[in-house]
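Right, I'll just put the structure down here and ask away after.
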Amino acid sequence: MPKEDVAWYEKPEVKNLFIKASSNAMRGYHCVIAAPKLTFAGTNSLTDFINFTGMYLNEDERRVLIVVDKDLRKYGEMIGERLATLKQIDSKIFDNVLPDPPKFTIMEGVKLCEEYKPKLIIGIGGGSAIDTAKMIFVHYEQPNIDLNSVMAASYLGLRKKVKALAAMPTTSGTGSETTFIAVMTDTDRDPPRKTAVVLYEICPDFAILYPDFVKTMPESLALGTGMDALAHARGSYVLTMSHDFSDMCNLKAVEMILKWLPRSVKNKNDAEAREKMQMAAFIAGVGFGNVSGGIEHGLGHSLGALFHVHHGMAVGLYLCASIAYQSKVTNRFIQLAKILGVDTEGKQRDAILRELLGNLQAFLKNIGFPLGIKDLKVPVITKAEYMEKLDILAEFSANDFTSLSSSRRVTKDPYKRMALIAYENNMEELMDLFYN
Ligand SMILES: [Fe+2]
């Protein structure tokens, strides 16, 4: 098969198919629910997982590859030591994890696998480490794979070399410990391009939600990753492709994040809030991971690529605009409004949306989240700098895989409108996205 030079979701014919069939029709035709088969949570979760692994790996399979970044190598060493002393399991650490995992680092990990032949791969860290582990796993299993042409419903028969993939999050937001999505930077493309790989078989087999790993997260990271989790749950809930199971997860996650994120952000020693946010991010991961990220993710990915804004901050900045834009064609925002404390009884749709956005902005202000791109501190983006890249930002967004599942048709021009409005996130302009 000739090698594809663009990802499947960037092709015009695929976009047209999704738009014409609508996500509703796709849902009725095809819906798979994926999540780890075992999730260990709570203070004993790490011990539970090590005990389990001791029985899970046979005598001739006791080789584990631990994928972690250099800053968190100590966690990898601690787990490696416990595996060795408690269960006589050997391990090796791959610590060359970089943000927006470039393909060349993934291939270094694959080379290590070819020599070491691990039977279990454990990713420890934020999204980049867990995504790197997923991508090493895929490329090791199938060296000739062309990831641009595989989509969720491609079945590759992975796990012929590696028995299982495990994920231990150290931030509370990406949901990567439960999703079948991984993002890497395809350095074979010129210029290098972020590529999303969506494949059921890369959903981790085991997730370990060990609260100690999120207790030391700085408040700013708790804010950014917590907003990522909120964007996952809220953003995917309004997509028409969402279904009963994802609704259950997304609504619960929104409720938990609204309750626990303020405490988690304000005080890193609030162990209860940190543990609850870890679970909320996981639940949001199960929710959005089985639907899609919302279109705030398309815009957020693009802002991140152009201005190096933290992923969670970037997607959070477009949350209001993306909900307002889609609410024109769906009533899904009404349930969200109720969770945000809006009394919807007898009110017009626009009044409900206005209150929802108002309450959401009050929540953001309370946790110290910038209301618009103009308020962003890291980095500061001037209006002139933003306007200069608005066109390319809209174009990147239109080619993002999340565009396929928007409840309201979205192309480059509406993305440009949303992006422009998000600079200030002024209420009247947000409402204009709903009316027009
Ligand atoms: Fe995200």
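The values are calculated or read from the model by the stated rules, or taken from the named source; none is laboratory data. All values derive from a computational prediction rather than experimental measurement. Glycine gets a Cβ as well: all are built from the backbone with ideal geometry, and neighbour counts include every protein chain shown.
Could you check segment 392-436 and list, in sequence order, the residues that are among the acidic types (Asp, Glu) and in contact with a helix residue (DSSP H, G or I) (Cβ under 7 Å, 6 or more places away or on another chain)? First the steps, then the outcome.
Just the residues of segment 392-436 that are among the acidic types (Asp, Glu), to begin with: 395, 400, 413, 424, 428-429, 432.
Across segment 392-436, the qualifying residues are 395, 400, 424, 429.
Restricting segment 126-153 to residues that are more than 23 Å from residue 60 (Cα to Cα), of a type in the set (Ser, Thr, Tyr) and touching a helix residue (DSSP H, G or I) at 6+ places or on another chain (Cβ under 9 Å), which is modelled with the highest pLDDT?
Selected residue: 132.
Every residue, every condition in (1) over 28 Å from residue 404 (Cβ atoms); (2) at pLDDT 95 or above; (3) not aliphatic (A, V, I, L, M), yes or no:
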{"residue": "241", "(1), (2), (3)": "no, no, no"}
{"residue": "250", "(1), (2), (3)": "no, yes, yes"}
{"residue": "254", "(1), (2), (3)": "no, yes, no"}
{"residue": "264", "(1), (2), (3)": "yes, yes, yes"}
{"residue": "268", "(1), (2), (3)": "yes, no, yes"}
{"residue": "273", "(1), (2), (3)": "yes, yes, no"}
{"residue": "277", "(1), (2), (3)": "yes, yes, no"}
{"residue": "284", "(1), (2), (3)": "no, yes, no"}
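Let me ask you something else. Among the residues that make up segment 154-169, is at least one of them part of a loop (DSSP other than H, G, I, E, B), at pLDDT below 90 and closer than 16 Å to residue 400 by Cα?
The first filter runs over segment 154-169 and keeps only residues part of a loop (DSSP other than H, G, I, E, B), leaving 154-163.
Now drop any that are not at pLDDT below 90, which leaves 154-155.
Cutting the leftovers down to closer than 16 Å to residue 400 by Cα gives us none.
Checking segment 154-169: not a single residue is part of a loop (DSSP other than H, G, I, E, B), at pLDDT below 90 and closer than 16 Å to residue 400 by Cα.
With a cut-off of at least 2 residues that are closer than 28 Å to residue 6 by Cα, name the helices (runs of 4 or more DSSP H) lying wholly within segment 316-406. Full working, then the answer.
On the way: elements: 319-326, 333-339, 349-366, 383-388, 390-398.
Counting at least 2 such residues, we get 319-326, 383-388, 390-398.
Okay, moving on. Which one is farthest from the ligand (Cβ to nearest atom), of the residues in segment 230-253 that are hydrophobic (A, V, I, L, M, F, W, C) and in contact (Cβ under 8 Å) with a residue 60 or more places away in the chain?
As a first pass, look at segment 230-253 and keep what is hydrophobic (A, V, I, L, M, F, W, C): 230-231, 233, 238-239, 241, 245, 248-249, 251, 253.
Still in the list and also in contact (Cβ under 8 Å) with a residue 60 or more places away in the chain: 230-231, 238-239, 241, 245, 251.
Details: 230: 10, 231: 6, 238: 15, 239: 14, 241: 17, 245: 20, 251: 18 Å.
Looking at the filtered set, the residue picked out is 245.
Restricting to segment 170-201, and then to whatever is touching a Ser or Thr at 6+ places or on another chain (Cβ under 6 Å) and assigned to a loop (DSSP other than H, G, I, E, B), can you tell me which residue is farthest from the ligand (Cβ to nearest atom)?
My answer is 192.
List the number of the failed condition for residue 99; all other conditions in (1) surrounded by fewer than 19 Cβ atoms within 10 Å (Cβ to Cβ); (2) farther than 13 Å from residue 199 by Cα; (3) away from the ligand (no atom under 16 Å from the Cβ); (4) in contact (Cβ under 8 Å) with a residue 12 or more places away in the chain hold.
(3)
For (1) outside any helix (DSSP H, G or I); (2) aromatic (Phe, Trp, Tyr); (3) surrounded by fewer than 18 Cβ atoms within 10 Å (Cβ to Cβ); (4) modelled with pLDDT of 95 or more, each residue gets a yes or a no:
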| position | (1), (2), (3), (4) |
| --- | --- |
| 17 | no, no, yes, no |
| 24 | no, no, yes, no |
| 51 | no, no, yes, yes |
| 54 | no, no, yes, yes |
| 60 | no, no, yes, yes |
| 64 | yes, no, no, yes |
| 74 | no, no, yes, yes |
| 77 | no, no, yes, yes |
| 84 | no, no, yes, yes |
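Among the residues of segment 213-236, which ones are touching a helix residue (DSSP H, G or I) at 6+ places or on another chain (Cβ under 8 Å) and surrounded by fewer than 23 Cβ atoms within 10 Å (Cβ to Cβ)? Steps first, answer last, please.
Taking segment 213-236 as the starting set, the residues that turn out to be touching a helix residue (DSSP H, G or I) at 6+ places or on another chain (Cβ under 8 Å) are 213-215, 217, 219, 222-236.
Correct list: 213, 215, 219.
Going by the conditions given, is residue 358 in contact (Cβ under 8 Å) with a residue 40 or more places away in the chain and within 16 Å of the ligand (Cβ to nearest atom)? Explain how you work it out, then say what you get.
Numbers: in contact (Cβ under 8 Å) with a residue 40 or more places away in the chain: yes; within 16 Å of the ligand (Cβ to nearest atom): no.
When the stated conditions are applied, residue 358 does not pass them.
Here's another thing I want to ask about it. If I filter segment 271-313 down to residues being surrounded by 24 or more Cβ atoms within 10 Å (Cβ to Cβ) and not in a helix (DSSP H, G or I), which single residue comes out as farthest from the ligand (Cβ to nearest atom)?
Out of the qualifying residues, it is 290.
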